[in-house]
Amino acid sequence: MAYDATTLPDVSGLTVGIIGGTGDQGRGLAYRFARAGNTVLIGSRSAERAAQSAAEIAGLPGMPAGVDVTGAANDEVARRSDVVVIAVPWDGHAATVAALAEPLAGKIVVDCVNPLGFDKQGPYALTVAEGSAVQQAAGLLPDSRVCAAFNHVSAPLLADPEVDRIELDVLICTEDRELVDVVAALAARIPGMRGIYAGRLRNAHQIEAFTANLIAINKRYKAHAGIRVTDL
């Protein structure tokens, strides 16, 4: 069997922090991980905004009894989490990540930021000096275990309580092969998702950039398109 989810580690006890948890993508991922039963911490520059967002997420349908969703400032979330998802706007990516280098030391960091620009012709990929958003993050976080994942997950689908399954593959890029199974297991906490190793960090640019194509597809076909890898 090319892909065997039964070999993935148990990540149900991991605390997942979302830096940028008040934005659409961050809130959606926070909701799905909390709905799966993980402890979730919502991070923001404003602890008050983070707490408000956490309370709203905790009150959504489908949440298990006793689920722990709380909000705090980014620094505290970074310190208290086992896995930290970076889901901030591209414009603030470098500054936000650099400021968290110390509390993120030794942590698993999942970057799902897509550097995109928008003009009258629609979205397009931006040129990133380091190669990609995740390579920028890896350079700023030399003591963290960094990967790219969840770049292509539709925020509206994540946030919709009536959507029970999200049928797509999460492409994972990292230098740390042991990290692949952990992040794939986190993806599998969301019914319908699979985590697929897609190469080293240098291969992340085209994955981040492909989001512009997906946005065009979604606009043309009024859909929430994702990616499936065949023959796995």
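Per-structure values
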| item | result |
| --- | --- |
| Cα-centred dipole magnitude for segment 1-84, charges only on beta-carbon of K, R (+1) and D, E (-1), debye, nearest 20 | 160 debye |
| Under the span-like rule (Cα at least 15 Å along the axis, Kyte-Doolittle mean at least 1.0), DSSP H helices of the chain | 177-188 |
| Accessible surface of ASP82 - all protein chains present, 1.4 Å probe, nearest 10 Å² | 70 Å² |
| Heavy-atom accessible surface of the chain: percent carbon and sulfur, 1.4 Å | 50 percent |
| Net charge of neighbours whose Cβ lies under 12 Å from the Cβ of ALA34, counting Lys and Arg as +1 and Asp and Glu as -1 | +2 |
| Proximal lysines relative to LYS120, as straight alpha-carbon distance under 24 Å, when same-chain residues fewer than 8 apart are discounted | LYS219, LYS222 |
| Segments 52-61, 221-230, 203-212, 144-153 sorted - mean Cβ within 10 Å per residue, highest first | 144-153, 203-212, 52-61, 221-230 |
| Segment 66-77 - phi-based ³J(HN,Hα) in whole Hz, Karplus 6.51/-1.76/1.60, Gly and Pro as x | x, 4, 10, 10, 10, x, 7, 5, 3, 4, 5, 4 |
| Magnitude of the charge dipole, the chain, Cβ model with Lys/Arg +1 and Asp/Glu -1, debye to 20 | 460 debye |
| Surrounding net charge for ALA148, when Lys and Arg each add one and Asp and Glu each subtract one, Cβ distance under 12 Å | -2 |
| Cα gyration tensor shape for segment 119-199, rounded if a/c is under 1.5, else prolate or oblate | oblate |
| Relative contact order of segment 155-218, pairs being alpha-carbon contacts under 8 Å that are 6 or more residues apart, as % | 32 percent |
| Accessible area expressed per residue, the chain, with surrounding protein chains retained (probe 1.4 Å, Å²) | 47 Å² |
| Over the chain: helical MRE at 222 nm, DSSP H runs n ≥ 4 each giving -39500 (n - 2.57), nearest 500 | -10500 deg cm²/dmol |
| Relative packing of 16-24, 112-120, 29-37, which averages over residues the other C-beta atoms within 10 Å, highest first | 16-24, 29-37, 112-120 |
| Between segment 47-84 and segment 140-219, the alpha-carbon center distance in angstrom | 21 Å |
| Among VAL146, LEU168, PRO115 the positive-end extreme of the charge dipole of segment 81-182 (Cβ point charges) | PRO115 |
| Dipole of the chain, positive end: most advanced residue of GLY199, ALA105, PHE210 [Cβ charges, Cα centre] | PHE210 |
| Filtered GluC sites (Glu not before Pro), segment 75-164: DSSP coil and at most 16 other beta carbons within 10 Å | GLU130, GLU162 |
| Sequence-distant residues sharing a close amide H with THR15 (under 5 Å, placed H) | ASP82, VAL83 |
| Rounded if a/c under 1.5, otherwise prolate or oblate - segment 16-221, Cα gyration tensor axes | rounded |
| Mean separation of Cα contacts under 8 Å (6+ apart) over length of segment 16-221, as relative contact order % | 19 percent |
| Computed over segment 93-174: relative contact order in percent, which uses C-alpha pairs under 8 Å that are six or more apart | 33 percent |
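The values are calculated or read from the model by the stated rules, or taken from the named source; none is laboratory data. Keep in mind that what you see is a predicted model, and the values were worked out from it rather than measured. FYI the Cβ positions are ideal-geometry reconstructions off the backbone, even for glycines, and counts take in every protein chain you see. SASA here: full protein model, heavy atoms, side chains in, ligands and nucleic acids out. Shrake-Rupley method; radii C 1.70, N 1.55, O 1.52, S 1.80 Å.
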